[in-house]
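Here's the structure we're looking at; comments come further down.
Values quoted throughout were computed directly from the atomic coordinates according to the rules given, and no laboratory measurement underlies them. Computed from a predicted model, the values in this text were never measured in an experiment. Ideal geometry is used to build each Cβ from the backbone, glycine not excepted, and the neighbour counts take in all protein chains shown.
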Amino acid sequence: MKKVALGIDIGGTNTDLAFVDRDGNFLAEDRLSTSSFPQPEVFVAALAEKAKLMKRDLQEEIEIIGIGIGAPMGNINKGTIEEPADLPWKGITPLADLLKEHIDLPILVTNDANAAAVGEMIYGGAKGMKNFAVITLGTGLGSGIVVDGKLLYGQDGFAGEVGHTIVRPGRSNRECGCGRFGCLETYVSATGLKRTLFKIMSDSIEDSELREMSFNKMTSLDIAEAAERGDVLAKRAFEHTGEMLGLKLADLVAHTNPEAIFLFGGLTLAKGLIMEPTERAFHENLLSIYRGKVKLLASGLNSKNSAVLGASALAWTQFGSKK
């Protein structure tokens, strides 16, 4: 019987889950809409049912050694999600306890970007590195930081929230889901990119193919495709987003002195549109002692879900043996 871990990545829009063997191979994977479940209890029941159906449909017998979950504001010490900015559930959600009502397995919950960092370290471009960071660019901005070969958790398990560092202080700036104003992820994320484009369009009379599209219907992919076709305002939105990201990544280097910073997530699929202005601002703002020493890289897990892989790897580390 083949042993597997169940890796789960809970995002603001969707939740991905997969059965993963100890070598990082996906035996089965599926997805459900996070945003469709305003109540966490209903979400967890649907998640458990999805996992059971995945197992039933497999062509081979498996033994699940445990469950690893990456989620925004996941607390590894308590198995909870606490005050997430990008999920429909507010307050504290006892995620592990809720899931144990449906599945009798050991469960580990951590921050989604921390899970992505573990995936990068074990299966991706950070193999052999002991000091690096992973920045996940999706609905929000997550960050997982590894120092001296260990994930940085801090006193309460919430260290490394780069997305909730302030870039524009004051209540006149963008409101964040965390309740503050001017957080980095309000500018650098799929949602932040849309907000930037709409601000640019409101301040300009230049033509854009995106002017007739509503905010709710627009996606970051729409903006990327328009920019690739030469839309000036869409290009300007990416420039501004990359500049903000590069500036804050330079600050991250000053705090942690990493060997590399990896960018992962839907927004990075825009490739040069986001990477070029990010790299330019990053190198312009680096303290001189770090210049030429820190690599800014796309994730080495382009074809796989690094957060799911990382969550499964955490499960293997905690509940099973790894080769």
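A few points about this structure:
- Ranked list, fewest to most other Cβ atoms within 10 Å of each Cβ, for T13, T191: T13, T191
- Amide H contacts under 5 Å for G66: L6, restricted to partners 5 or more places along the chain or on a different chain, H placed in the peptide plane at 1.01 Å from N.
- Sorted into 10 angstrom bins from 0, the C-alpha pair distances of the stretch 129-209 split as 17, 38, 28, 12, 5, 0 percent.
- Each eigenvalue of the Cα gyration tensor of the chain, multiplied by 5 and square-rooted, gives one semi-axis; in descending order these are 33, 23, 18 Å.
- Helix 306-319 vs. the chain, principal-axis angle (Cα, 0 to 90°, nearest 10): 30
- Of the peptides 228-238, 77-87, 95-105, the ranking by mean beta-carbon count within 10 Å, highest at the top, reads 77-87, 228-238, 95-105.
- Note, ³J(HN,Hα) from phi for the stretch 291-297, Karplus 6.51, -1.76, 1.60, rounded to Hz, x at Gly and Pro: 5, x, 10, 10, 8, 10, 10
- Here the chain is assigned +1 on the Cβ of each Lys and Arg and -1 on the Cβ of each Asp and Glu. Its dipole about the Cα centre then comes out at about 580 debye.
- Residues in the stretch 116-160 that a label on K2 would reach, taking backbone N under 16 Å of a point 7 Å out along Cα→Cβ: none
- Taking the longest Cα principal axis of the chain as reference, the axis of helix 190-203 is set at about 20 degrees.
- With Cα atoms, 0 to 90° folded angle of helix 272-285 axis to the chain main axis: 70
- Order by protection proxy (mean Cβ within 10 Å, highest first), peptides 64-71, 277-284, 167-174: 64-71, 277-284, 167-174
- Label-point gap, in nm, between E279 and E206 - each point 7 angstrom along Cα→Cβ: 2.3
- 3J(HN,Hα) from dihedral phi, the stretch 241-251, Karplus parametrisation 6.51/-1.76/1.60, rounded to Hz, x for glycine, proline: 4, x, 4, 5, 5, x, 4, 6, 5, 5, 5
- Karplus 3J(HN,Hα) series, Hz, for the stretch 10-26 with 6.51 cos²θ - 1.76 cosθ + 1.60 (x for Gly, Pro): 9, x, x, 9, 10, 10, 9, 9, 7, 8, 10, 7, 5, 9, x, 7, 8
- Helical contribution to [θ] at 222 nm, DSSP H n ≥ 4, -39,500 (n - 2.57), averaged over the chain, rounded to 500: -11000 deg cm²/dmol
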